Every structure is written in C-alpha cells, then in structure tokens.
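Just below is one structure, and these are the notes that go with it.
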Amino acid sequence: MPELPEVETMRRGIAAVVGSRIVEVERPRISRRPILISPNGAALRKRLVGRKIIETDRLGKRVVVRLDSGDSIIFEPRMTGLVLITDPPTREHLRLRLFLENTKPPRNLELLFWDRRGLGLVRVVSPAEMIERYGPETLGTDALTITPDELSERLAPSRRAIKVALLDQRAVAGIGNLYASEILHLSAIHPAIGCNRLRDDDWRRIHKAMRDVLTKAIRYEGSTLSDGTYRNALNKEGGYQNHHRVYDRAGEPCPGCKTEIVRVVQAQRSTFFCPECQPKKRR
DNA sequence: CATATGTCCTGAGAGC
DNA sequence: TGCTCTCAGGACATAT
C-alpha cells in the first residue's frame, strides 16, 4: 500500500541516518521465501560496508539512500514493506539490517527493511543503473512536481479510464490505488471517464486535487489501513486514514452530499466514488 | 504501438 | 472451534 505520502514519510523519518557510515550488513534468517536483495551475500557487503550515507531521496514510491561511492540503495516497499530506524513491528519479517556508526549522536543506528508479505525488494544501483531503471525514460514525473500542462500532455491522449491511468507510474509517479480514488473525488471526476474525453478544466482540477490530497496526506504521515501494516520510520501509525473521503467507505455517506459511496472494480482494483458528486455525464 | 490480464505473497475475515 | 476460501494491490511479465 505505501504510496507517495507513506514513502515520503519514511524518507523524512530516516533523516538521522544521513552522515553515518555503514559498518555491517545482516540478512536475518527467515522461515519463508526470501525477498529479492540485489546484489546479495558478499557482493552486497562489499558495496555497502564502509560507505557513508550522504543523502536520502524518494523516487515515486521508492526510498533512495545515496552513498559516497556514487551508489544508491533503493528500498521498494510495494505492498507491506517498511523502512525503519527503530524496532520493527515483528522480528519475523525483518528482511535486512544495516548497522550504522556516526561521529555525532546518535552514534549507533540501524536502518531496517521489514516486509510481511515479501513482495518488496532492495537494490543497490550504480549511477548508470539508476538512470536505466528509474530515469525519466522509465519512471514518470513525480506527482508533487509535475505541472498541470505536463500531466494533461502525458495522460490526455490515452483512452484508458482516468483512475487506471493515474496508477501508471511511467506517466506520473507516486499515485497508488488509495490516493487515485481520493484525488478523483476531490476533483469531482468520475473514475471511469476516458482520459481523452477530459477537458482542460478537468485536468486543472485533477492536478490541484492531486497536490492537495498528497500534501495533506504527507502532513498526516500517510494512511494506516485496518490491517495496521503501514508504519512510519519509528513504527508509529499514520493519521490520514481518518481523513479519507471515499476510500474503503462503500455504503457510507459522501462527505459532500451524503449520497452512498459506491465501490466498483477497475483493472482488478477497487475504486470508490460518489455517483452524485462525480457524475459520468456532464452538462 | 497501446492496453489488458496474470502473477507473486501473507494474514485477516467470511462462511460453513 | 477449526477448517477452507477470498481478498487486499505494489510492479512487472506476458498476452491481446
């Protein structure tokens, strides 16, 4: 579930690791199928041990930790992954531990990757591999920096439903299933309308709603859903779930007009919307 | 080329 | 109570 707000919260939460040096790498033994960590074993240790962390960043839904060697560590949480600097939710699903040392307090820290379902991954990439895998040819412009014009240029030619198109990371990076529904409700756009049927004014509303929803969700440190999986870097719940307008609220009243919120399935994913505030036909 | 569908995974919750 | 089944959706592979 971690989308842009959750991943940005993780990134901010690990700020204390900047300036520290990696002194040891541990891959805890797990009684289930291991996640992908690339490279692995001695090669991983060689790329990381002795390296200093100079910066943290975010690329769409991935956390980036930049090293003084020029390499970057990419943490990709996918569904249930977490990047933490404190005790993880359980010992059982701890996937990677980086032991850190700093010249100033906190002197000793750990940078952890925890993942219950194990769909996430960790990758150490060179500058060239960084561009190849996550450059502008592969990954779209970040949802927080894209301009209204670029958003419509990238999406408007498509015949896909707007909700499905917003999930395409090659077009715009960072939006997932939860925030796509929230953004379209705030924009008053029906989720099944084809992108090529939207007008300039629609794109401007979508762009504004996208910024408003994502920045507010970051302010509340993301959404921890009923399964309780998502946590910030200190293993604390987010708060934005209490501000969801439609997501996972089928049958409840729309916050705008009190009509019952509807759940439909698009591209095998749940979409939530208000049939009154987000009409399919517009006059 | 654009778009659609299948796949991985765990654990919560439903239904019997 | 305890079993089986379904579902949640990140990114990517494969199919149409």
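Peptide packing: for A:136-145, A:262-271, the average count of neighbouring Cβ atoms within 10 Å per residue gives the ranking A:136-145, A:262-271, highest mean first. Reported value for chain A: 127 Å³ per residue, from the convex hull of its C-alpha atoms.
To the nearest 0.05, how large is the calculated FRET efficiency for A:E55 and A:R33 if R₀ is 35 Å and r is the Cβ-Cβ distance? The calculated FRET efficiency here is 0.60.
Of all lysines in the structure, the ones whose alpha carbon falls short of 20 Å from that of A:K236, not counting any fewer than 8 places away in one chain, are A:K61, A:K216. From helices alone, chain A scores -7500 deg cm²/dmol at 222 nm; the rule is -39500 (n - 2.57) for each run of n ≥ 4 DSSP H residues, then divide by the residue total.
Normalising by residue count, region A:208-269 has a Cα convex hull of 120 Å³ per residue. For region A:1-149, the square roots a ≥ b ≥ c of the C-alpha gyration tensor eigenvalues yield an a/c under 1.5, which makes the shape rounded. Distance from the Cα centre of region A:20-47 to that of region A:80-108, in angstrom? Distance between centres, Cα-based: 13 Å. Here the calculated FRET efficiency for A:V264 and A:H243, from their Cβ-Cβ distance with R0 = 22 Å, stands at 0.50, rounded to the nearest 0.05. Fully extending the segment from A:A15 to A:R219 would add 71.8 nm, taking 0.36 nm per residue of separation and subtracting the current Cα-Cα distance. For region A:21-37, putting each phi into the Karplus relation 6.51 cos²θ - 1.76 cosθ + 1.60 with θ = phi - 60° gives couplings of 10, 7, 10, 7, 10, 9, 10, x, 5, 10, 7, 9, 4, x, 6, 6, 10 Hz, in residue order, rounded to whole numbers and with x for Gly and Pro. A full extension of the chain between A:R133 and A:N40 corresponds to an added length of 31.6 nm, given 0.36 nm per residue minus the alpha carbon distance.
Listed as lacking a disulfide-compatible partner in chain A: A:C195, A:C257, by the criterion of no other cysteine Cβ under 4.7 Å.
None of the figures in this text is laboratory data; all of them are computed from the coordinates on show. All values derive from a computational prediction rather than experimental measurement. Cβ coordinates were reconstructed from backbone atoms using ideal geometry, including for glycine residues, and neighbour counts include every protein chain displayed.
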